[in-house]
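Below is one structure. I have some questions about it.
The values are calculated or read from the model by the stated rules, or taken from the named source; none is laboratory data. A quick note: this is a predicted structure, and the numbers were derived from the prediction, not measured. All Cβ positions, even for glycine, are placed from backbone atoms using ideal geometry, and neighbour counts span all protein chains on display. Ligands, DNA and RNA are stripped out before the accessible areas are found, and what is left, the full protein with its side chains, is counted by its heavy atoms. Shrake-Rupley method; radii C 1.70, N 1.55, O 1.52, S 1.80 Å.
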Amino acid sequence: HFHDLGKLTYGFIIFWTYIAFSQFFLIWYANIPEETSWYLLRLTNNWEEFSYFLIIGHFLIPLFLFMSRHAKRNIPFNIIMNCFIVIMCYFDFYYLIMPTISKSFHLSFTDIACFIGIGGLFTSLTFKRLRQYDLIPSKDPRLGESLHLEN
């Protein structure tokens, strides 16, 4: 099951990269001033380094580290990598929003506190709701088969 979750994570990493590059390529190729200004703002000052940081951290590192079968089956490694991917998703959203507000990259205490606060609220509400339901489908006739899945 963890191997399948690792493959799903790997697929979403590649899908995110495909969507991001396709959007960039279409805007670059069309060369419409209203659209290219969005990337022009993100490729000036120190946002260009942040763009490279996103490419490396949100695509290349997870791509190569999740490539092997052993990495997908290693539970502690999966937890660490998925936490890393969530943090990189935060930086991706930061990259989408902040260049229109600030001309240069600077990460403040408020940015980190909002991420931790909203993440903590989401996590606590999720675990509170999970206590109300059975997480194992006890009346499923194929439960035994799924518990002994070989991949």
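Which of the residues that make up region 40-52 are assigned to a helix (DSSP H, G or I), closer than 29 Å to CYS83 by Cβ and open to solvent by less than 90 Å² (accessible area, probe 1.4 Å)? Outline the logic, then answer.
Filtering region 40-52 for residues assigned to a helix (DSSP H, G or I) gives 40-42, 47-52.
Now restrict to residues that are closer than 29 Å to CYS83 by Cβ: 42, 47-52.
Within region 40-52, ARG42, TRP47, GLU48, PHE50, SER51 meet the criteria.
Also, I was wondering about something else. Condition (residue is assigned to a loop (DSSP other than H, G, I, E, B) and without any contact (Cβ under 8 Å) to a residue 24 or more places away in the chain) applied to region 112-131: is it met by at least one residue? Break it down into steps so the answer makes sense when it comes.
To start, the set of residues in region 112-131 that are assigned to a loop (DSSP other than H, G, I, E, B) comprises 131.
Subsequent filtering for residues that are without any contact (Cβ under 8 Å) to a residue 24 or more places away in the chain retains 131.
Yes, region 112-131 contains a residue that is assigned to a loop (DSSP other than H, G, I, E, B) and without any contact (Cβ under 8 Å) to a residue 24 or more places away in the chain.
Consider GLU35 against the criteria (1) among the acidic types (Asp, Glu); (2) in contact with a helix residue (DSSP H, G or I) (Cβ under 7 Å, 6 or more places away or on another chain); (3) under 28 Å from CYS114 (Cβ atoms): it satisfies all of them except one. Which criterion is unmet?
Only one criterion in (1) among the acidic types (Asp, Glu); (2) in contact with a helix residue (DSSP H, G or I) (Cβ under 7 Å, 6 or more places away or on another chain); (3) under 28 Å from CYS114 (Cβ atoms) is unmet by GLU35, namely (3).
Considering region 92-111 alone, what residues qualify as being among the charged types (D, E, K, R) and assigned to a helix (DSSP H, G or I)? It would help to see each step written out before you state the result.
In the first step, residues of region 92-111 are kept if they are among the charged types (D, E, K, R); the result is 92, 103, 111.
Within region 92-111, ASP92, ASP111 meet the criteria.
Mind listing just one residue for me: the one in region 53-103 that is open to solvent by less than 50 Å² (accessible area, probe 1.4 Å) and small (Gly, Ala, Ser) and, of those, modelled with the lowest pLDDT?
Applying the filter and picking the extreme gives SER102.
With more than 19 Å from the chain's Cα centre (by Cα) and open to solvent by less than 100 Å² (accessible area, probe 1.4 Å) as the only criterion, which of THR123, THR110 stands out?
Unique residue meeting the criteria: THR110.
Can you find a residue in region 132-142 that is part of a helix (DSSP H, G or I) and modelled with pLDDT of 85 or more? Reasoning before the result, please.
Step one: list which residues in region 132-142 are part of a helix (DSSP H, G or I), which gives none.
Taking every residue of region 132-142 in turn, none turns out to be part of a helix (DSSP H, G or I) and modelled with pLDDT of 85 or more.
Here's another thing I want to ask about it. Is there any pair linking a residue in region 43-56 that is without any contact (Cβ under 8 Å) to a residue 60 or more places away in the chain and under 8 Å from PHE105 (Cβ atoms) to one that is among the hydrophobic types (A, V, I, L, M, F, W, C) and open to solvent by less than 80 Å² (accessible area, probe 1.4 Å), with Cβ under 7 Å and at least six apart or on different chains, and which?
Close Cβ pairs satisfying both conditions: ASN46/PHE105; TRP47/PHE105; PHE50/PHE105.
Within the set of pairs 6+ apart or on separate chains, which have a first residue in region 10-32 that is modelled with pLDDT of 90 or more, a second that is outside any helix (DSSP H, G or I), and C-beta atoms under 8 Å apart?
ILE13/PHE66
What residue, of GLU145, GLU150, is assigned to a helix (DSSP H, G or I), among the acidic types (Asp, Glu) and open to solvent by 70 Å² or more (accessible area, probe 1.4 Å)? I'd like the intermediate steps shown before the answer.
Values: GLU150 fails: assigned to a helix (DSSP H, G or I).
None of the other options fit; the residue is GLU145.
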